[in-house]
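The values are calculated or read from the model by the stated rules, or taken from the named source; none is laboratory data. Note that this is a predicted model, so its numbers are computed, not measured. Glycine also receives a Cβ, built like all others from the backbone with ideal geometry; neighbour counts cover every protein chain displayed. With ligands, DNA and RNA removed, areas are computed over all heavy atoms of the protein, side chains included. Shrake-Rupley method; radii C 1.70, N 1.55, O 1.52, S 1.80 Å.
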Amino acid sequence: MRELSGKIAGIAPSATMAISNEAKKMQSAGIDVISLSIGEPDFDTPDHIKVVCINALRRGETHYAPSNGLPELNQAIAAKIEKENHVPCRKEDVIVTCGAKDAIYEAMEAVLDRGDEAIILDPSWVSYEPCVQIAGGRPVHHPLNMRTFQVDDSLADRITSHTRMIVINSPSNPSGSVLDKGSLRLISDTCEDYDLIALSDEIYEKLLYGKEHVSLASVGDMAQRTITVNGFSKAYAMTGWRLGYAVAPPQILSRMSIVQQHTISHPTSFAMWGGLAAIEGDQSCVEMMRLEFARRRDYLMKELSQMGFESAPADGAFYAYIRVEGDDMELAGDWLKNLHVAVTPGTAFNTPGWERLSYATSMAQLGEAVRRIRASVT
Ligand code: PMP
Ligand code: GLU
């Protein structure tokens, strides 16, 4: 066979998925592996959301829908964005996608031309760089301050004549940190000074512990140059539904729409009815899950600190990000093989020397993981 795509050959498989697959393989071989690897709520999707989806399926919502999404859902998302995120939004400014991941990919395709640079703030979630590369762009990594997890003036040093986009993610996967108003202002000034587009991934906005979420698009005139990405996976425990969305200025949204029409068409029709129930229904399920994540976070952070680990702030999402000695890849391999605890090494997030522990797992499992890690470090 002749050479296949070099573009894809240069991209590593998703580290989060690879480790979680390995943990699952060991579990099915009967090994008692505790997985703190993948970032996926362990709760079931709330029942009222399922019921609306099942009813939609029963009444025959099984055909193509408008390609930018079910109009009722786009309208509900626009209303949510205006009310909660303080960003002007019409239903025409919304595209519903197959998960936030798909929205990120479509945004990269819509904005980047071959050779255009996208700045990614590290530590960064595993799929930003590959999405830039698949779109033909060039990822340019820029480190956050690894104590405060904020941006500083050095961001401007990364700008070249090819820079087109900055990607931000707050609350952050993997660090759980939240960009403060100073960082958001600096990012917004940089975007305006250099005519850049921002992609703001806000998928963890509902999972905050003592902080308030501020959308980048609500800062200054950023709504005109920001693609806000969000979804249902984390807030409503709907990872398998593959439902997300983006809000973007019209010129960008129409290009994302073209990518969507020629690739996925639109997300599954009846799943979108479930998404509508999630957004319009009782939000106490979100708060119930947030409180449980907060309880686990408090427990895990205290235990890790008692073991002597330095960690990122853990103000949001459901990850503890801890500094470790030695090679993080080797340590993660060692913990999986010998402790049967799966974690994701910082190298996967472009910051070697750290490990990410997802606390989206039961208290009992967390307690056992802590016991095993403590026994190995003391
Ligand atoms: N962004 C971040 C930061 C994430 O952690 C995830 C989780 N996989 C996604 C996007 C993608 O989420 P979705 O399941 O909606 O595609
Ligand atoms: N966002 C989750 C994680 O980082 C899910 C896996 C993925 O999509 O990468 O573990």
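Toward the positive end of the charge dipole of the range 146-276, with +1 on the Cβ of Lys and Arg and -1 on the Cβ of Asp and Glu, the farthest Cα among THR163, GLY244, SER215 is that of GLY244.
If you take the alpha carbon radius of gyration of the range 181-258 and divide it by 2.2 N^0.38 Å, what ratio comes out, to two decimals? Don't skip to the end; give the middle numbers.
Working: Rg = 13.8 Å, N = 78, 2.2 N^0.38 = 11.5 Å.
Working it through for the range 181-258, the quotient is 1.19.
GNM on the chain, alpha-carbon springs under 10 angstrom: the most fluctuating residue among PRO171, PRO41, PRO352 is PRO352.
Think of each Lys and Arg Cβ as +1 and each Asp and Glu Cβ as -1; about the Cα centre, that makes the dipole of the chain roughly 820 debye. Here the Gaussian network model covers the chain, with springs between Cα atoms less than 10 Å apart; of VAL132, VAL229, VAL33, VAL33 fluctuates the most. Modelled label positions at SER5 and MET329, each set 7 Å beyond Cα in the direction of Cβ, lie 2.4 nm from each other.
Summarise the accessible area of the range 256-345 (1.4 Å probe, protein heavy atoms) by the percent that is carbon and sulfur. Provide the component values of the computation, followed by the final result.
Working: 2000 of 3860 Å².
For the range 256-345, the apolar C and S fraction of the accessible surface comes to 52 percent.
Residue pairs exceeding 22 angstrom between C-alpha atoms, taken from LYS101/LYS206; LYS83/LYS206; LYS181/LYS234; LYS101/LYS337: LYS181/LYS234; LYS101/LYS337. Taking trypsin sites (Lys or Arg not before Pro) in DSSP loop conformation with at most 16 other Cβ atoms inside 10 Å as exposed sites, the chain has its longest uninterrupted site-free stretch at 212-378. Taking amide H as placed 1.01 Å from N in the peptide plane, ASP201 has its amide H under 5 Å from the amide H of ILE168, ASN169, SER170, VAL229, each at least 5 places away in sequence or on another chain. Seen from LEU253, the other residues with C-beta closer than 13 Å to its C-beta sum to a net charge of 0, counting Lys and Arg as +1 and Asp and Glu as -1. Taking label points 7 Å from Cα along the Cα-to-Cβ direction, THR378 and LYS211 give a separation of 3.0 nm. Rounded to the nearest Hz, the phi-derived 3J(HN,Hα) couplings of the range 178-186 under the Karplus curve 6.51 cos²θ - 1.76 cosθ + 1.60 (θ = phi - 60°) are 10, 6, 7, 4, x, 5, 5, 5, 5, where x marks glycine and proline.
Its alpha carbons considered, the range 121-278 gives a radius of gyration followed by a Dmax of 15.9, 47 Å. Expressed as a fraction of 2.2 N^0.38 Å, the C-alpha radius of gyration for the chain is 0.97. When the chain is treated as a GNM with alpha-carbon contacts under 10 Å, the residue of ASP116, ASP42, ASP93 showing the greatest mean-square fluctuation is ASP42.
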